[in-house]
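For reference, the structure is listed below as structure tokens.
The values are calculated or read from the model by the stated rules, or taken from the named source; none is laboratory data. Here the structure is a predicted model, which is why all the values come from computation and not from measurement. Areas reflect the complete protein model, heavy atoms only, side chains present, ligands, DNA and RNA absent. Shrake-Rupley method; radii C 1.70, N 1.55, O 1.52, S 1.80 Å.
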Amino acid sequence: MPRIAHLHDDHTSGDLSRYLAFLGRDAALGATAEHHAVRVSRFAAGAVALRAEVIVSHLPLRLQSLPGLMALRARHPRATLIHVEHLHCEGSAAAARNRGRQRAILRSAYALFNHVVALSTPQANWMRRHALVNPGQLSVIPPCADLAPFAALPDPRGPVRHIAAIGRLHRQSGLDMLIEAFSVVSNPDARLDIFGDGPQRGELRALARHDLRIRVHGSTTRLAALRRADAIAIPARWQPSPLAAQEALAAGRRVLHSGRDSLSELQGPGLVTVADLSVAAWSRALSDVLAETDAVPRLAVAGAREPTVQGWQALLGRLGCRKTAKSSSFATI
């Protein structure tokens, strides 16, 4: 059975951690290959000797990571190398200070891999449009996680009152605009709870201090945040992964989202797209959601995993695996 090493440098319980756990535990994927998560430094990916036929990078691509990726390629010349792009997308590229420089870095990095995986069709279209990767070496495989714990959460009761936003406290997340929009909402019983950490934490707390209905908490799990929320807000300025919305839909929570990048592919009941990232548009949308009382159908857990499982099975079957020498040790330093 082929061995697949998934390289990452994640120390949190966020989207990437849950995605890697799903890849390692899914029975259908495990029947055809051994999936192992291996933590490495994003700046020294080639420092680890891996006994694997396929090496999958989930590392963030930056200029400083290129030497480590080159060392990884040189150290494992017979392995099939795949990169999954969790960081860059059209929205993040638009926010970059030097877009030409960033594209050159990405082209150089992607060229080190046999194949590149986009998390959504919009992300793949952005890569093709700017010729970042050979179209024949690009696939779209949406991420997934174990949705069963979210499906087990009880339905919200009564009218929508508690709205949660969970993520990195960074300009990307659009939480500064969300706080201003919520402050305009007149409903005195409404609550907005923001969970996470990041460079905007102080700024967001300052914005929220004049409205006692808004609280900026520290980090927590998405499951814990959704347990006491009736709806979730994702006002992202860019969003490579749709996983947060999937988990909320599996929990039967309404999702207000910006429709940016991967979010543009979301479909089904319970979704409210607010593409205009303005205080006026989002305050109207929040007021409308706070008037809702009906439960929303939950995302089918079994159906949600199929695109991910089938995508990886198809890609690995297409690429094949060149076997290396057998060893009882998966990775050595």
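Annotations for the structure displayed:
- Between the range 71-123 and the range 45-69, the Cα center-to-center distance that results, in Å: 12 Å
- Among ASP288, ASP189, ASP155, the residue with the largest mean-square fluctuation in a Gaussian network model of the chain, with springs joining Cα atoms closer than 10 Å, is ASP189.
- Within the listed set VAL56, VAL185, VAL255, the Gaussian network model of the chain (springs between alpha-carbon atoms below 10 Å) gives the highest mean-square fluctuation for VAL185.
- Degrees separating the helix 301-319 axis from the principal Cα axis of the chain, which is the longest one: 20 degrees
- C-alpha long axis of helix 15-25 to longest principal axis of the chain, angle in °: 50 degrees
- Annotation: Cα Rg of the chain relative to the compact-globule expectation 2.2 N^0.38 Å equals 1.04.
- When Rg and the Kirkwood Rh are both derived from Cα coordinates, the Rg/Rh ratio for the range 131-223 amounts to 1.11.
- To put it simply, the accessible area of the chain at a 1.4 Å probe is 52 percent carbon and sulfur.
- Remark on ILE232: its backbone amide H falls under 5 Å from those of ALA164, ARG254, VAL255, LEU256, a criterion applied only to residues 5 or more positions apart or on other chains, H modelled at 1.01 Å from N.
- Based on Cα contacts under 8 Å between residues 6+ apart, the chain shows a relative contact order of 19 percent.
- Relative contact order %, the range 159-210, counting alpha carbon pairs below 8 Å whose residues are six or more apart: 52 percent
- The range 1-88: C-alpha gyration tensor shape, a/c 1.5 cut-off, then a/b vs b/c: oblate
- Folded to 0 to 90 degrees: helix 66-75 orientation relative to the chain principal axis, Cα: 40 degrees
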